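Colleague: Have a look at this one before I ask anything.
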Amino acid sequence: MPTSIRDVYVVDAVRTPIGKFGGALSGVRPDDLAAHVVRSLVDRCPDLDPARIDDVYFGDANGAGEDNRDVARMAVLLAGLPVSVPGVTVNRLCGSGLEAVIQAARAIALGDACVAIAGGVESMSRAPWVLQKPERAFPAGHQQLHSTTLGWRMTNPRMPAQWTVSLGEGAELVADKYGIGRAEQDAFALESHRKAAAAWAAGLYDSEVVPYEGVDLPRDECIRESSTPEALGRLKPVFRTDGTGTVTAGNSSPLNDGAAALLLVDEEGLRATGREPLARIRTSAVTGIEPELFGLGPVEAVRRALGKAGLTLADLTVLELNEAFAAQSLGCLAAWPDLDPAVVNPRGGALAVGHPLGASGARLAGSVAHQLAAAGSGTGLAALCIGVGQGLALVLER
């Protein structure tokens, strides 16, 4: 057993531009997306011998199609890394990419690894339909195909009905709980698009985004800087159609394709890279909550992660909170009255940038690291809500 816990550093972080469902990246396999960000990290660190990478951790919320069960190992091979570099794929649904970062950091902190890559990938465009095996051989009737793009499928009938509501209905429940109206949600969404467009125009994403060769996608595909309150107001609620609904396509995160990855090292690995780190990883926390209130999962996870570091919300320089829904994000913010809203998603959030499920957590962690490096010092935090009722948070510092 190790005699001490090692410091874990983020040397670099990259991501693809995020493509929309059926959009520019829909022709790219998820294993190729993953390989692209892995290869990009290695190419951006020429002093590091790729054979020194002890493991590659990747989050992937689907795994049923071209992800091919262990997309991390596929990415290693497709990226041209030595075959001696292993790869493991983890699944915590929307938190999968951040879970990969946490697991890789834990391995380094305990001395099981010196250099690791951690990231996530999702192609929601290419998620397949799956066919459940019949109860008996040679069925005579029709069989049902299930979409693996998003949400529940082949649900266990023993699950209570209130736990298996749609993600959108879960967002409506959060809106009910905190009295969050339609206008407030639409305004939050508009601000996310405004901030994302401004960040791209100012070149703030230039240091982390690595476009996919052969695809004409210079920036995130779902940003709508020309949207207006009137345009959003014309959209009809998607999940409640009885006149009580507030959650629309305009104040929900879109379906997306993309990948992200971070290079993590200990002190020895840092010397091998010859680089100054972007940030250091401090603490993490995962928590559970009622499945139908999944959107509030980050509330307690953030409190626990900060508590482990001896910090409070007031100490944060930046908080990257995944915007699954405007209602869900506003619900979390309502539960954190001591948080300065100015530090939340200053470069835009998932409502504009996009939410490729398995990649989002890695995108958030990488964005926090780059923002801390740009600031020169500070404390940052990445957090996500997770379907079926979980929350995940990671604290970084510089």
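The values are calculated or read from the model by the stated rules, or taken from the named source; none is laboratory data. Because the structure is a prediction, the values reported are computed rather than measured. We place every Cβ from the backbone using ideal geometry, glycine too, and count neighbours over all the protein chains shown. Side chains included, ligands, DNA and RNA excluded: accessible areas come from the protein's heavy atoms. Shrake-Rupley method; radii C 1.70, N 1.55, O 1.52, S 1.80 Å.
Colleague: Enumerate the pairs (first residue in region 30-43 and modelled with pLDDT of 95 or more; second residue anywhere and part of a helix (DSSP H, G or I) and open to solvent by less than 20 Å² (accessible area, probe 1.4 Å)) with beta-carbon separation below 7 Å, excluding pairs fewer than 6 apart on the same chain, so at least 6 apart or on different chains.
Modeller: 30/71; 31/71; 31/75; 34/71; 34/75; 35/75; 38/75; 38/76
Colleague: Further question on the same structure: On the basis of being over 16 Å from residue 265 (Cβ atoms), crowded, with 24+ Cβ neighbours inside 10 Å and aromatic (Phe, Trp, Tyr), does residue 58 make the cut?
Modeller: yes
One line per residue, one yes/no per condition, for (1) within 30 Å of residue 291 (Cβ to Cβ); (2) of a type in the set (S, T, N, Q); (3) crowded, with 19+ Cβ neighbours inside 10 Å:
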| residue | (1), (2), (3) |
| --- | --- |
| 21 | yes, no, yes |
| 30 | yes, no, yes |
| 44 | no, no, no |
| 48 | no, no, yes |
| 68 | yes, yes, no |
| 71 | yes, no, yes |
| 94 | yes, no, yes |
| 101 | yes, no, yes |
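Colleague: Which condition from (1) over 17 Å from the mean Cα position of the chain (by Cα); (2) within 30 Å of residue 49 (Cα to Cα); (3) crowded, with 23+ Cβ neighbours inside 10 Å is the one that residue 247 breaks?
Modeller: Only one criterion is unmet by residue 247, namely (2).
Colleague: Can you tell which of 152, 200 is in contact (Cβ under 8 Å) with a residue 12 or more places away in the chain and open to solvent by 70 Å² or more (accessible area, probe 1.4 Å)?
Modeller: Only one candidate passes the filter, namely 152.
Colleague: When residue 227 is evaluated against the numbered criteria (1) open to solvent by 20 Å² or more (accessible area, probe 1.4 Å); (2) part of a loop (DSSP other than H, G, I, E, B); (3) modelled with pLDDT of 95 or more, which criterion, by number, is the only one it fails?
Modeller: Here residue 227 meets the rest and fails (3).
Colleague: Another question, if that's okay. Quick one: would you say residue 318 is more than 22 Å from residue 257 (Cβ to Cβ), touching a residue at least 40 places away in the same chain (Cβ under 8 Å) and of a type in the set (Val, Ile, Thr)?
Modeller: Yes; evaluated as a whole, the condition is true for this residue.
Colleague: Right, here's the next one. Please determine, by comparing only the residues of region 214-224 that are touching a residue at least 24 places away in the same chain (Cβ under 8 Å) and more than 19 Å from residue 350 (Cβ to Cβ), which one is surrounded by the fewest Cβ atoms within 10 Å (Cβ to Cβ).
Modeller: Per the stated criteria, the residue is 216.
Colleague: Turning to a different aspect of this structure: Is there a residue in region 316-323 that is open to solvent by 20 Å² or more (accessible area, probe 1.4 Å) and more than 20 Å from residue 102 (Cα to Cα)?
Modeller: The answer is yes, given that some residue of region 316-323 is open to solvent by 20 Å² or more (accessible area, probe 1.4 Å) and more than 20 Å from residue 102 (Cα to Cα).
Colleague: Still on this structure, I have one more. Yes or no: residue 40 under 23 Å from residue 274 (Cα atoms), hydroxyl-bearing (Ser, Thr, Tyr) and surrounded by fewer than 24 Cβ atoms within 10 Å (Cβ to Cβ)?
Modeller: Yes.
Colleague: Can you tell me which residues in region 316-359 are assigned to a helix (DSSP H, G or I), touching a helix residue (DSSP H, G or I) at 6+ places or on another chain (Cβ under 6 Å) and of a type in the set (Gly, Ala, Ser)?
Modeller: Residues satisfying the conditions are 326, 327, 331, 334, 352, 358, 359.
Colleague: Hey, does region 162-171 have a residue that's open to solvent by less than 60 Å² (accessible area, probe 1.4 Å), in contact with an Asp or Glu (Cβ under 6 Å, 6 or more places away or on another chain) and within 16 Å of residue 297 (Cβ to Cβ)?
Modeller: The answer is yes, given that some residue of region 162-171 is open to solvent by less than 60 Å² (accessible area, probe 1.4 Å), in contact with an Asp or Glu (Cβ under 6 Å, 6 or more places away or on another chain) and within 16 Å of residue 297 (Cβ to Cβ).
Colleague: Checking residue 268 against (1) touching a residue at least 60 places away in the same chain (Cβ under 8 Å); (2) under 28 Å from residue 127 (Cα atoms); (3) surrounded by fewer than 17 Cβ atoms within 10 Å (Cβ to Cβ), only one condition comes out false. Which one?
Modeller: Looking at each condition in turn, residue 268 falls short on (2).
Colleague: Let me ask something else about it. Within region 275-292, can one find any residue that is in a helix (DSSP H, G or I) and either of a type in the set (Ser, Thr, Tyr) or within 17 Å of the chain's Cα centre (by Cα) (or both)?
Modeller: So far as region 275-292 goes, no, none of its residues is in a helix (DSSP H, G or I) and either of a type in the set (Ser, Thr, Tyr) or within 17 Å of the chain's Cα centre (by Cα) (or both).
Colleague: OK, next. Please go through region 292-313 and give me each residue that is open to solvent by less than 20 Å² (accessible area, probe 1.4 Å) and closer than 25 Å to residue 60 by Cα, ordered by number.
Modeller: Within region 292-313, 294, 295, 296, 297, 298, 299, 301, 302, 305 qualify.
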